[in-house]
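Below: one structure, written as structure tokens.
Throughout, read-outs are computed from the coordinates displayed, never taken from laboratory work. Only a predicted model underlies this, so the values are computations on that prediction, with no experimental measurement involved. We place every Cβ from the backbone using ideal geometry, glycine too, and count neighbours over all the protein chains shown.
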Amino acid sequence: MKKHIKRLQYIAIALATVFALVVLGFTGTGCTTGPDRVTIGYLGNNNTGGTQPAEQSVDTPGSLTLRANTFNRTNYRFGGWRYEGNTMTTNPGRTILPAGTTFHFGQGSNFVAFLNATWVATTTNSGHNANRHMSHWYGTARIALRTYEFPSVFPMAAIWRTNMDRALTNWNNSNANVTFVVNSTSNNRVRVTTFSTVAAYGLLLSTSSGTQMTGFEVLLHHQRITNSASNLNNFITSVMAHELGHVVGLDDNPTGQTATGTIMHTNRNRNTLINPTTFDINSVNLLYR
């Protein structure tokens, strides 16, 4: 009888241990585990006023929508939330996210992220050794382009698309405070075509309100580019990257203004220069903070 009671006591202790480990969530280290959770905080990035949006948290799996901006900064408009990392997006590094974007986090997502406000200048913001700025530039730091348009019969479309995408990637992978994306619903067009109004490889047409560019169309002259290129892939990327520089407020950089070529240089070697240089990037970041 005593042995039977002893055995029942052991069973009771074992069941209590299982309850503590499984039901109460104790781990092997003696710490309790809470739910997986994503937390988002918002920072003003040198704001001059306004209020800080409230922190957000969601247990995962779950969804979260980025808050609207309530900071302000004198002589700037809000350009989106800047995120640096790869836990919220598939792109490593710096990404500009619009307010109102909804993220769906799967089971096991568990991190804290801080988003910085980005700011777009509302007045010309000249600086030392800077590229010349245009009279207007795009109003947000995240810039969407409609899916590229090609002539109805254009066997080289795949090659052109690849190298136009490379121009976006080169800007996005630089330290410029802007992000370019392709979005089929965007009103901003990019067309591979021909034009006779100016003798140029590329052309930017835009609408604006004050200093804010409200819409644009990039034209790439495929005949001139093809006829002039010794390295067609690089030439396409260089021209596309140059026109994107205009979108974010950079004017042409005339011959002689800088000792070395830049992506905005009017006499650069388009067969080799395909990346924004430090000079270009610093000039953009005078407008996008």
| query | What nm value, rounded to one decimal, do you get for the distance between Asn227 and Thr48 when each label is placed 7 Å out toward the C-beta? | reply | 5.1
| field | the range 37-121: radius of gyration and largest Cα-Cα distance (Dmax), Å | value | 13.0, 42
| query | ³J(HN,Hα) across the range 112-118 via Karplus (A = 6.51, B = -1.76, C = 1.60, θ = phi - 60°), whole Hz, x for Gly/Pro? | reply | 10, 10, 10, 10, 9, 5, 9
| query | When you count, for each residue, the other Cβ atoms within 10 Å and take the mean per peptide, how do 64-74, 216-226, 238-248 rank with the highest first? | reply | 238-248, 216-226, 64-74
